[in-house]
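Inspection log for the structure reproduced underneath, given as structure tokens.
The values are calculated or read from the model by the stated rules, or taken from the named source; none is laboratory data. Computed from a predicted structure; not experimentally measured. Cβ placement follows ideal geometry from the backbone for every residue including glycine, while neighbour counts extend to all protein chains displayed.
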């Protein structure tokens, strides 16, 4: 769904390989937009996101049983994240979850609504729920920066609802009111910014994106979704056995890290292999140009790869940011218990 905001003065469309061809890439100064996001406030058009609605009296208990998140006590106006896993614990869907006006709203990746809705419909059985595709009803705008609260106060009522998430504040506004909401936010002091700035800041913040930073083998532990999107104190959902086994008996086979690219002229593409010598040790996720860090990328690397290992990502020589490597916290408690039992 191409955004009408692409007609906004100064909006530059993204290159063909972008995962977000329907919304603006930048407004003439992508690095400056990042600086503004860190020092003031920007508004980013993310209206290409897909939205599902799940009304019905069983909405929370039903979604609780088929997703990775504990949703039984999600109160009115509260928000979280959730995953749908396959039988082997691989991530199939990721959604931001909002409980507003007696409906659970699932905000997911562009183009993902139909696949997720098909799965939800297959799991209804006797539950009192009516999931539907609500992409035509709501659109997502994201505010980034310390001036967000002031802009929201100045802009006034925009319709829809506000969701505070990691690193941003999302506004889900009526799609028909998208241009008006955008104009009011800009008039209230939010500078327009594109997906270049949004994605660069997301990469620097080590926040994964489904289908870009993940592949068909990704499990939640590898990309930091344990906690934000997976509740370890619940069970009985598809793929839960893998989640529990990795949490209790071992570490995930891969881990997501931040790569620094040596040259902006040699840039890998999403999905390119990461090599240590001739050996493939990972895959490239999102590639971005950051206003301070320069060319960077997220990557899934085998856990056995030492952070100091010289690496090649596609055509680029890269190095792992040591601060991005998840720490090993010692022997997992489940394995330690087994070892003690075995003498």
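Tell me which of these residue 114 doesn't satisfy, since it passes every other one: (1) in a helix (DSSP H, G or I); (2) over 29 Å from residue 226 (Cβ atoms); (3) not assigned by TED's automatic domain parsing to the domain that holds residue 186.
The single condition residue 114 does not satisfy is (2).
So how many residues does the stretch 293-306 have that are touching a residue at least 24 places away in the same chain (Cβ under 8 Å), farther than 13 Å from residue 274 by Cβ and assigned to a loop (DSSP other than H, G, I, E, B)?
Our first condition is that a residue be touching a residue at least 24 places away in the same chain (Cβ under 8 Å); within the stretch 293-306, this holds for 293-303, 305.
Remaining after also requiring farther than 13 Å from residue 274 by Cβ: 293-296, 303.
Filter once more, keeping what is assigned to a loop (DSSP other than H, G, I, E, B): 293, 303.
Result for the stretch 293-306: 2.
Does any residue of the stretch 264-276 turn out to be surrounded by 20 or more Cβ atoms within 10 Å (Cβ to Cβ), under 22 Å from the mean Cα position of the chain (by Cα) and farther than 30 Å from residue 87 by Cα?
Among the residues of the stretch 264-276, at least one is surrounded by 20 or more Cβ atoms within 10 Å (Cβ to Cβ), under 22 Å from the mean Cα position of the chain (by Cα) and farther than 30 Å from residue 87 by Cα, which makes the answer yes.
Does any residue of the stretch 86-103 turn out to be surrounded by fewer than 23 Cβ atoms within 10 Å (Cβ to Cβ) and under 28 Å from residue 27 (Cα atoms)?
Taking every residue of the stretch 86-103 in turn, at least one turns out to be surrounded by fewer than 23 Cβ atoms within 10 Å (Cβ to Cβ) and under 28 Å from residue 27 (Cα atoms).
Take the stretch 121-155 and flag every residue that is at positive phi and touching a residue at least 60 places away in the same chain (Cβ under 8 Å). Full working, then the answer.
Kept after step one, since they are at positive phi, are these residues of the stretch 121-155: 125, 145.
Within the stretch 121-155, just 145 meets the criteria.
Filter the stretch 242-268 for residues that are in a loop (DSSP other than H, G, I, E, B) and free of Cβ contacts under 8 Å to residues at least 40 places away in the same chain and give the result. Quick ask: steps written out before the conclusion?
Pass one, the stretch 242-268, residues in a loop (DSSP other than H, G, I, E, B): 250-253, 262-268.
Across the stretch 242-268, the qualifying residues are 264, 265.
Is it the case that the stretch 4-13 has a residue that's closer than 30 Å to residue 197 by Cα, touching a strand residue (DSSP E or B) at 6+ places or on another chain (Cβ under 6 Å) and surrounded by 20 or more Cβ atoms within 10 Å (Cβ to Cβ)?
Applying the first criterion (closer than 30 Å to residue 197 by Cα) to the stretch 4-13 yields 4-13.
Then keep just the ones that are touching a strand residue (DSSP E or B) at 6+ places or on another chain (Cβ under 6 Å); that gives 5, 12.
Remaining after also requiring surrounded by 20 or more Cβ atoms within 10 Å (Cβ to Cβ): 5.
Yes, the conditions are met somewhere in the stretch 4-13.
Which of the residues that make up the stretch 245-263 are in contact with a strand residue (DSSP E or B) (Cβ under 7 Å, 6 or more places away or on another chain) and buried (at least 19 other Cβ atoms within 10 Å of the Cβ)?
254, 255, 256, 257, 258, 259, 261
Quick one: which residue in 96, 11 is modelled with pLDDT of 95 or more and in contact with a helix residue (DSSP H, G or I) (Cβ under 7 Å, 6 or more places away or on another chain)?
After ruling out the rest, the residue left standing is 11.
Do we have any residue at all in the stretch 65-72 that's crowded, with 21+ Cβ neighbours inside 10 Å, assigned to a loop (DSSP other than H, G, I, E, B) and not assigned by TED's automatic domain parsing to the domain that holds residue 125?
no
Out of all the residues in the stretch 238-288, which are farther than 16 Å from residue 306 by Cα and in contact with a helix residue (DSSP H, G or I) (Cβ under 6 Å, 6 or more places away or on another chain)?
Correct list: 246, 248, 249, 286, 288.
When you check residue 272 against the structure, is it in contact with a strand residue (DSSP E or B) (Cβ under 6 Å, 6 or more places away or on another chain) and not assigned by TED's automatic domain parsing to the domain that holds residue 30, yes or no?
On the way: in contact with a strand residue (DSSP E or B) (Cβ under 6 Å, 6 or more places away or on another chain): yes; not assigned by TED's automatic domain parsing to the domain that holds residue 30: yes.
In short, yes.
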